[in-house]
Structures are given as structure tokens and as C-alpha cells.
Amino acid sequence: MDNLFRTELKGLTPGEIQKYFESLGERKFRGDQVFNWIYNHLVFDFDQMRNLPKPLREKLKLNSIISSLQLIDKQYSPKTGTTKYLFRTSDNQNIESVIIPEKGRNTLCISTQVGCPLDCKFCATGVMGYKRNLTTGEIVDQYLLSAKENGKGYITNIVYMGMGEPLLNYERTISSLQIFTNEITKGVSRNRITISTAGIPHKIIELAESGIRAKLALSLHSCFEDIRSKIMPINQRYSLRENIAAVRIYSKKTKTRITFEYTMLKNINDRDEDVNALIKLCSSLPSKINVIPFNSIKHMNPSGISAELESTPPERIALFVEKLRENHISVFIRETQGDDIAAACGQLAVKYLSLRI
Ligand code: SAH
């Protein structure tokens, strides 16, 4: 039978896989067993699922499939210890994931879309445009395949900060979270998972009410509506004011601190009034700031404002951070991870777009 008519099992939540097994006339616990093989043992071949009776394995081979992304490139940066994976989907799209090792933890950064529709002016993925949402299977497979490469248990944290906007692929993002945090999976606990969003207020509130309680990061980049609208066009549709109201609700409901991501752009968001506005905002809710030096996107030959963007010089970043800390704001500076292997958002996949056969 053609694969088109088979049910894809990778990406089904535990509840969905149980239902699927019932629809095949099997008991629910058989679904748990298959889920356990996929997520705990990283086994994707029915014949290796030894506790399933042979007739069931045959039935599964006929009706279902466990497909995988194809790993087409892997780049290791000796400078930072970062490893970048480039995967290809069955319809020949490229997506990327990065593993960032840091004191005692290994963080996997995953993508939720091929490209991105938001067109943030500082982001290489934005320049490449939007292709499609990833399926739940494609989102979780970035974790499964990198766990298989490095051994189960190696990945301790997951951040949804790769290509795409997770809250615009909401249902699949939620399903992938349900899979990662499931008690059968024993994968990554929800307080070690961060969803990063450019700000879709009603989806932030929906997430707050979903009971999932992952950590939330808002890509802030400016406290001023007019500046934010220039560098993040989505702000013209969903204002900062609405987003701040939404993250306040999120923080209260989930009892978590909000992370504000702040990419430092010279003369755009690094002035004295910027630091003062940040202090005021962060003092008003449980939060911390993730300061990110801007990774140049000049290699994309961008036009308009994107072509003019420059990173704030390191001395200015240091002063900016010092002022925040003096005012008791919790700040974390993200080093330009994997700059030497183009690990900034979207860069590797973009490089490969032109090489595609
Ligand atoms: N769409 C989501 C997640 C993807 S971007 C979001 O907007 O949060 C992940 C983070 O990387 C965001 O904070 C984004 O603003 C930042 N980023 C994107 N391009 C960058 C660049 N060239 N230099 C530094 N940070 C960048």
C-alpha cells in the first residue's frame, strides 16, 4: 500500500495513539508500548518492537508508518561547542535545529515552520519568507533524531527558538509539548521548555489557559510601539501593549517568570530611554531579560532597513547591562552562539536553499 494511506505514528500524542490502536481493534496499552518504543528507546522500526506480537507488527506495517526527517548536514563549532543539524522533510524542505551546550545542560533549539511569515527585519528566516507549518511529527523528530545522535538523556532543555513562529502553528506546537512532557516519554520536563514568540496575544492567553505551563519568552526588542513596529511588522497588528497584558496573564496563571528577548541594535534600541523603559517594564512583572548581540544578516543581501542594521558595540552592551543590573533586573547575555557555523536563526537552511537539487 502507498504510504499516503498509512497513518503516521510519530507526532501522535499518547491519547491519540491509544485511540488509533482502538480503531485498529487493539487494546490501548499497545499504543502506550509503541509510544514507549519511539520516545524512550528511539526505535522507529516495528520489527524491533519486541514486546508486540508478530501479527500486530504485520498489521502495523500494513496500516501505519513511522517516518523520519533526513539528516543532511551537521556542523560542529569547536569555538562554542554548538552543533547545528540540517534536516530535509519528505517534500524536500530544509529545516534546522541547534544544540547549545552550557554549564551542565544541553539545550536543543527547534523549528516550528519552514521559513517564517513575520518578516522581522533583523532575522535571516524572515528574509527567506514563509513556506509552510511543520507537522507535529516533524517538530518532535528534531528532538528524536538529535537524541539518537547523542544518546537519550543528553538533551536536557528545549527552546522553540529556531525557524518560524510557534504560536502561528499553535495546535502542533501544543501537541509536541504534550509529547515532550509526557510521563511515558520521561523526556524533558516542562520547566525546562521555553516557547519563544514575537507576540500573538490571544494565543499567549490560550497557552496560559491550556495548563501546559512551559516557560514563555517574548521577543521584545523595543519598549516603544513605533520602533518595534519598524523592526517587527507584526507589532502593527498585535501591539506591544496587548502583548504585555497577555504575558502578565501568562505569568500569573503559570506562576512563571517571563523572559524578554532583546537583540541589541545600534542606535535603535540601545539608547538611554530604551534602558529606562526596560527597567520600568521589568520591575512591573516577574521577568528577566535575555540580551542577544545582533548576528549580522548581510550575507542575505537584505534591502531596506534590514540592510542598515548593526549590532550595538560590546562596550555599549556592557554599559546597558550594568544599568539594568544596578536596578535589580535579572539579565542574561547570550553569547553569539555558533557564529562561525552560521548558527544564527535561519542561516544554515538559507545557505542550502540555493544548493537544492
Ligand atoms: N518567532 C519566534 C522564535 C524564533 S526567533 C520569536 O520571534 O521569538 C528566536 C529569537 O532569535 C528571537 O528572539 C529573535 O528575535 C532572535 N533573532 C532572530 N534573528 C536574530 C539575529 N540576526 N540576531 C540576533 N537575534 C536574532
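Of TYR160, TYR130, the residue with the largest accessible area leads and the full order is TYR130, TYR160 (1.4 Å probe). Over the chain, what percent of the accessible surface lies on carbon and sulfur atoms, probe 1.4 Å? Answer for the chain: carbon and sulfur cover 50 percent of the accessible area. Considering only alpha-carbon pairs that sit under 8 angstrom and 6 or more positions apart, the relative contact order computed for region 3-65 is 40 percent.
Largest GNM mean-square fluctuation across ASN63, ASN169, ASN182, computed for the chain with C-alpha springs under 10 Å, falls on ASN63. Whole-Hz Karplus values for region 293-308 come out as x, 5, 8, 4, 10, 4, 4, 8, 6, x, 10, x, 4, 4, 6, 9 Hz, taken residue by residue from phi with 6.51 cos²θ - 1.76 cosθ + 1.60 and θ = phi - 60°; glycine and proline positions read x. Solvent-accessible surface of region 70-341, taken per residue with a 1.4 Å probe and all protein chains present: 42 Å². Length, then width, then depth: along the principal axes, the Cα atoms of region 254-321 run 42, 27, 19 Å.
Here the scattering of region 202-291 is modelled by Debye summation over its C-alpha atoms, one equal scatterer each and no solvent; at q = 0.12, 0.25 Å⁻¹ the log10 of I(q)/I(0) is -0.35, -1.34. When you work out D = kT/(6 pi eta Rh) for region 3-65 at 37 °C and 0.692 mPa s, using the Kirkwood radius from C-alpha pairs as Rh and the Stokes-Einstein form, the result is 285 µm²/s.
Per-residue packing, averaged as other Cβ atoms within 10 Å, sorts the ranges 205-213, 187-195 into the order 187-195, 205-213, beginning with the highest. Subtracting the Cα-Cα distance of GLU326 and SER284 from their residue separation scaled by 0.36 nm leaves 13.5 nm.
With both bridge residues required to lie in the chain, what share of the DSSP beta bridges run antiparallel, to the nearest 5%? Taking every DSSP beta bridge within the chain, about 45 percent pair in antiparallel fashion. Taking amide H as placed 1.01 Å from N in the peptide plane, the amide H of VAL331 sits under 5 Å from that of ILE289, each at least 5 places away or on another chain.
Under the criterion of Cα pairs below 8 Å and six or more residues apart, the relative contact order for the chain equals 16 percent. Most simply put, region 58-160 has about 85% antiparallel DSSP beta bridges, counting only bridges with both residues inside it.
Cross-link check: pairs LYS203/LYS288; LYS215/LYS280; LYS252/LYS280; LYS148/LYS288 evaluated at a Cα-Cα cut-off of 28 Å; pairs beyond the cut-off: LYS148/LYS288. For region 3-65, the per residue solvent-accessible surface stands at 52 Å², with DNA, RNA and ligands left out and a 1.4 Å probe.
How much space per residue, in cubic angstrom, does the convex hull of the C-alpha atoms of the chain take up?
Value for the chain: 140 Å³ per residue.
The values are calculated or read from the model by the stated rules, or taken from the named source; none is laboratory data. Everything quoted here is computed from the prediction, not taken from an experiment. Neighbour counts run over all protein chains shown; Cβ positions are idealised from the backbone, glycine included. To get the accessible areas, we keep the full protein, side chains included, count just its heavy atoms, and leave off ligands, DNA and RNA. Shrake-Rupley method; radii C 1.70, N 1.55, O 1.52, S 1.80 Å.
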